[in-house]
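Chemist: One structure is given below, represented as structure tokens, and several questions about it will come after.
The values are calculated or read from the model by the stated rules, or taken from the named source; none is laboratory data. It should be emphasised that the depicted structure is a prediction, and the values quoted were computed from it without experimental measurement. Here the Cβ positions follow ideal geometry from the backbone for every residue, glycine too, while neighbour counts run over all protein chains shown. Each accessible area value is taken on the protein alone, full model and side chains, heavy atoms only, with ligands, DNA and RNA left out. Shrake-Rupley method; radii C 1.70, N 1.55, O 1.52, S 1.80 Å.
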Amino acid sequence: MAKMTLREKLAILSDAAKYDASCASSGAPGRDSVKSKGIGSTEGSGICHAYAPDGRCISLLKILMTNFCVYDCAYCVNRSSSNVARARFSVEDVVALTMNFYRRNYIEGLFLSSGIIRSSDYTMEEMVRIARKLRLEENFSGYIHLKTIPDASSALIEEAGLFADRLSVNIELPTDATLEVFAPEKKPRDIRRSMGHLRAKIEEHRGEARDRHRPKRFAPGGQSTQMIVGADGTDDDAILGRSENLYGNYRLKRVYYSAFSPIPDASAKLPLAKPPLMREHRLYQADWLMRFYGFDRQEIVAAGEGGMLDLSIDPKLAWALKNRQSFPVDVNRADREMLLRVPGLGTRAVKRILSTRRHRTLRLDDVARLCQSIDKVRPFITALGWSPGRLTDRAGLREILVPKARMPAQLELF
Ligand code: SF4
């Protein structure tokens, strides 16, 4: 068999990595060396653009080290029984590619995952070698996100954390029961143990100063995970319940939701169609409401039907329409908690309202200047000279607002 070129390997291993959604770099500290280049970036095989919550677009080389895998997870295109073209990068290949792209300013970092070759420890060891070589031999100061193998040894995972900005362990599916059905070689216990271990190490090293011999503190960007949505029958309530548990118990920076993509020659246990992409969006919005807007999962899910979020409107508007007795809210008096519940007011708009109203009483026009779209806000507030009257109670309010409830480009546009 002819030897594959680096370009051919890149085509296969960047395509194989596209199913992983957990590569946004929010929460990781910026690096002066990256910012100072300022030339811009370009498109290319393996380069993904990830959006941080602040809207910053970052470019990552997103690849698998290999798509060979000894496991046979039913939902995965790279499972051992899958009939896909396979390739494998050497440690040197990944280092050379990363440095080449980085020096040309095509990328700001590397997102590296892998199928499991030989054993979990062997695979993890190779990934750590890549990160170590980049940091210590190439002085690479870009962002590194490593996807760790849950049952790899603790020593390897600890070493990975010394070189990576962020580590992640995929939870894969929302329940242990479905994980056991679809990925029998993966043990929920190992995934949890790995996350617990990462949490302990991240907390142990938090606030630590940089050390010349250890270029970075332990995974300063924290840990994240990815959950596949729609491969099993788990409803949104249970998915968000799992996220709540992950944020609470393991202090994750992010749970990424990835709508299941049907794969060739799939197991009969899997659905034939992908779930609506909007479901993924609504889960992200609900997740945001739980983490930054003070909502409980139960109240968000209760605004939908049968444990599922309403796909036609965002979960905050759905909650407001179900709880009309809580509105209108007086923008000149309401506390932060209540202002955050007003549809159309995001955290930044609420901050601006709170600071501006210290100096003057707000009119509707003032609020319009402080938020993204007053149309969505107007029925839910009172301001100097403005009252929505009975607008909030109007039966057709949902219909009036739905066409205007654009799908947010970013998740902060509530
Ligand atoms: S271990 Fe990872 S790469 Fe291997 S089959 Fe499972 S999900 Fe796919």
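Chemist: Taking the condition of being within 16 Å of residue 114 (Cα to Cα) and either touching a strand residue (DSSP E or B) at 6+ places or on another chain (Cβ under 6 Å) or more than 16 Å from the ligand (Cβ to nearest atom) (or both), how many residues in segment 127-150 meet it?
Modeler: So the count comes out to 10.
Chemist: In segment 177-196, which residues are farther than 19 Å from residue 116 by Cα and more than 16 Å from the ligand (Cβ to nearest atom)?
Modeler: 177, 196
Chemist: From 411, 391, which residue is among the hydrophobic types (A, V, I, L, M, F, W, C) and either modelled with pLDDT of 80 or more or outside the structural domain of residue 342 (by TED's automatic domain parsing) (or both)?
Modeler: 411
Chemist: Exactly one condition in (1) β-branched (Val, Ile, Thr); (2) out of contact with any Phe, Trp or Tyr (no Cβ under 8 Å at 6 or more places or on another chain); (3) not in a helix (DSSP H, G or I) is false for residue 377; which is it?
Modeler: (3)
Chemist: Return the only residue of 333, 348, 352 being closer than 19 Å to residue 285 by Cα, of a type outside the set (Phe, Trp, Tyr) and open to solvent by 50 Å² or more (accessible area, probe 1.4 Å).
Modeler: Result of the check over 333, 348, 352: 348.
Chemist: Filter segment 133-146 down to the residues that are under 21 Å from residue 62 (Cβ atoms) and modelled with pLDDT of 95 or more and list them by number.
Modeler: 133, 134, 135, 138, 140, 146, listed by residue number.
Chemist: Here are the criteria: (1) assigned to a loop (DSSP other than H, G, I, E, B); (2) open to solvent by 40 Å² or more (accessible area, probe 1.4 Å); (3) not aromatic (Phe, Trp, Tyr). Tell me which single one residue 275 does not satisfy.
Modeler: Residue 275 satisfies every listed condition except (2).
Chemist: Filter segment 80-110 for residues that are over 22 Å from residue 5 (Cβ atoms) and crowded, with 22+ Cβ neighbours inside 10 Å; which is nearest to the ligand (Cβ to nearest atom)?
Modeler: 109
Chemist: Looking at 339, 362, which one is under 16 Å from residue 317 (Cα atoms) and free of Cβ contacts under 8 Å to residues at least 60 places away in the same chain?
Modeler: 339
Chemist: Restricting attention to segment 60-73, report how many residues are within 8 Å of the ligand (Cβ to nearest atom), open to solvent by less than 20 Å² (accessible area, probe 1.4 Å) and among the aliphatic types (A, V, I, L, M).
Modeler: Number of matching residues: 1.
Chemist: If residue 115 satisfies every condition in (1) within 9 Å of the ligand (Cβ to nearest atom); (2) free of Cβ contacts under 8 Å to residues at least 24 places away in the same chain; (3) in contact with a Ser or Thr (Cβ under 8 Å, 6 or more places away or on another chain) but one, which is the exception?
Modeler: Here residue 115 clears every test but (2).
Chemist: Could you grab me the full set of residues in segment 296-309 that are out of contact with any Phe, Trp or Tyr (no Cβ under 7 Å at 6 or more places or on another chain) and crowded, with 20+ Cβ neighbours inside 10 Å?
Modeler: Result: 301, 304, 309.
Chemist: Could you please find all residues in segment 310-328 being surrounded by fewer than 19 Cβ atoms within 10 Å (Cβ to Cβ) and not charged (D, E, K, R)?
Modeler: Of everything in segment 310-328, those that are surrounded by fewer than 19 Cβ atoms within 10 Å (Cβ to Cβ) and not charged (D, E, K, R) turn out to be 311, 312, 323, 325, 326.
Chemist: So residue 205 ticks every box in (1) farther than 25 Å from residue 227 by Cβ; (2) modelled with pLDDT of 95 or more; (3) in contact with a helix residue (DSSP H, G or I) (Cβ under 9 Å, 6 or more places away or on another chain) but one. Which box is left unticked?
Modeler: Here residue 205 meets the rest and fails (2).
Chemist: Another one. Go through (1) out of contact with any strand residue (DSSP E or B) (no Cβ under 7 Å at 6 or more places or on another chain); (2) open to solvent by less than 30 Å² (accessible area, probe 1.4 Å); (3) within 12 Å of the ligand (Cβ to nearest atom); (4) touching a residue at least 24 places away in the same chain (Cβ under 8 Å) one by one and return the number of the condition residue 76 breaks.
Modeler: (2)
Chemist: Oh, and also: Test residue 122 against the criterion of being among the aromatic types (Phe, Trp, Tyr), within 16 Å of the ligand (Cβ to nearest atom) and open to solvent by 40 Å² or more (accessible area, probe 1.4 Å), and give yes or no.
Modeler: In short, yes.
Chemist: Filtering segment 254-272 down to residues that are charged (D, E, K, R) and surrounded by fewer than 19 Cβ atoms within 10 Å (Cβ to Cβ), which residue is modelled with the highest pLDDT?
Modeler: 269
Chemist: For segment 151-176, give me the residue count where each residue is touching a residue at least 60 places away in the same chain (Cβ under 8 Å), open to solvent by 10 Å² or more (accessible area, probe 1.4 Å) and away from the ligand (no atom under 16 Å from the Cβ).
Modeler: Total meeting the criteria: 2.
Chemist: Checking the structure you have, find out if any residue of segment 202-215 is of a type in the set (A, V, I, L, M, F, W, C) and away from the ligand (no atom under 16 Å from the Cβ).
Modeler: yes
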